[in-house]
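Notes for the one structure printed next.
The values are calculated or read from the model by the stated rules, or taken from the named source; none is laboratory data. In this text, all values refer to a predicted model and were calculated from it rather than measured experimentally. When we count neighbours, we look across all protein chains shown, and the Cβ atoms used for this are built from the backbone with ideal geometry, even at glycine. The area values use the complete protein model at the heavy-atom level, side chains included, leaving out ligands, DNA and RNA. Shrake-Rupley method; radii C 1.70, N 1.55, O 1.52, S 1.80 Å.
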Amino acid sequence: MSEKEKYVNEVESIIDNMCLMDDDLMSRVFDENIEATQILIRNILQTDVEVVESKGQWNIKNELVDGRGIRLDIFARDSNGDYFDCEVQRRDDGADPRRARFNSSMLDTRMLMSSQKPKELKDSYVIFITENDYFDKCNPIYRINRTLESGEMFNDGSHIIYVNGDYQGDDDIGRLISDMKKRTTKGFNYKELEEGVKHFKENKEGRKTMCEAVERYAEKKYDSGREDGRTESKAEDIRALMKNLKCSAEKAMEYIGIPKSEYSNYMKML
């Protein structure tokens, strides 16, 4: 078998083993798929939300210079104008509460025009579907809302929800999680999710899209690794100069020709 054939087989195998807990597949299945997005949000919120807009991999830019933006796995809007950010978080560090807070604040900045007043803000929902039981309390869902000291709701319209991806109950959430983790294209509880997964795994055009996504990711990881290698090599050179010439890190970087704008990055490695 040639190297090219091995590579193609590896890409095909990756796609075959994907499930909706993989954000590359998830964001494509739910992109402009109102029915599937509605199933997802209704099961989590247990309300009859009417979704009118759904986007996968939606970027929100930060207007600050060098400000951090976010890319949402799924952005959705309902008929009431409420905003939803639905994310798969397979690692615990990706589900950090301050990340949820940041995502919530970025959603809010998109809601109002300059002529509108803050009281016109609609509700926003940040939903983290975690691989593990993040809070380790065995609950299927954790709802985070601000409250007064008395325990009464603050009612600012900001909602953060964690869905326990380790939950296996025989209820709406359990059935949804089961579908999210299914790696086949059959036996789903919700046909809207099954049809979406089937399109990207069995449909010729859909599968081609997934192949291209996997290949782009592989190239990015390769380029990143190669750059990391070059950076580490330069860091070793800096250490050697500092030792042999008894000079400062800044002077060693000057000798090597590293731009001053990159000094702080190398200082962290020394």
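Per residue, the chain exposes an accessible area of 61 Å² to a 1.4 Å probe, with every protein chain left in place.
Ranked by the mean number of other Cβ atoms within 10 Å per residue, highest first, peptides 155-162, 192-199, 94-101 order as 192-199, 155-162, 94-101. The magnitude of the dipole of the chain, with charges of +1 and -1 set on the Cβ of Lys/Arg and Asp/Glu and taken from the Cα centre, is near 900 debye. Calculated from the structure at hand, mean projected area of the Cα convex hull in nm² is found among (1) 21.3; (2) 12.6; (3) 13.8 as (1).
On the chain, 46 percent of the accessible area sits on carbon and sulfur atoms, based on a 1.4 Å probe. Taking a straight line from the alpha carbon of LYS182, these lysines sit under 18 Å away, with near neighbours fewer than eight places off in the same chain left out: LYS191, LYS198, LYS201.
Each Cα pair under 8 Å and six or more residues apart adds its separation to the average, and for the chain the resulting relative contact order is 16 percent. What net charge is computed for the residues neighbouring TYR83, neighbours being all others with C-beta under 12 Å from the C-beta of TYR83, Lys and Arg scored +1, Asp and Glu -1? It works out to a net charge of -2. Under 19 Å of direct C-alpha separation, and excluding same-chain neighbours fewer than eight residues apart, LYS268 reaches these aspartates and glutamates: GLU227, ASP228, GLU232, GLU236, ASP237, GLU250, GLU254. With a threshold of 32 Å on the Cα-Cα distance, the over-threshold entries among LYS61/LYS243; LYS208/LYS234; LYS55/LYS186; LYS61/LYS260 are LYS61/LYS243; LYS208/LYS234.
Working from Cα pairs under 8 Å separated by at least six residues, relative contact order for the range 78-202 is 22 percent. Across the range 112-123, rounded Karplus estimates of 3J(HN,Hα) from the backbone phi angles (6.51 cos²θ - 1.76 cosθ + 1.60, θ = phi - 60°) give 10, 7, 4, 7, 8, 9, x, 5, 7, 4, 7, 6 Hz, Gly and Pro being marked x. Going through the range 104-179, which GluC sites (Glu not before Pro) have at most 13 other Cβ atoms within 10 Å and a DSSP loop state? Loop-located and lightly packed - GLU149, GLU152.
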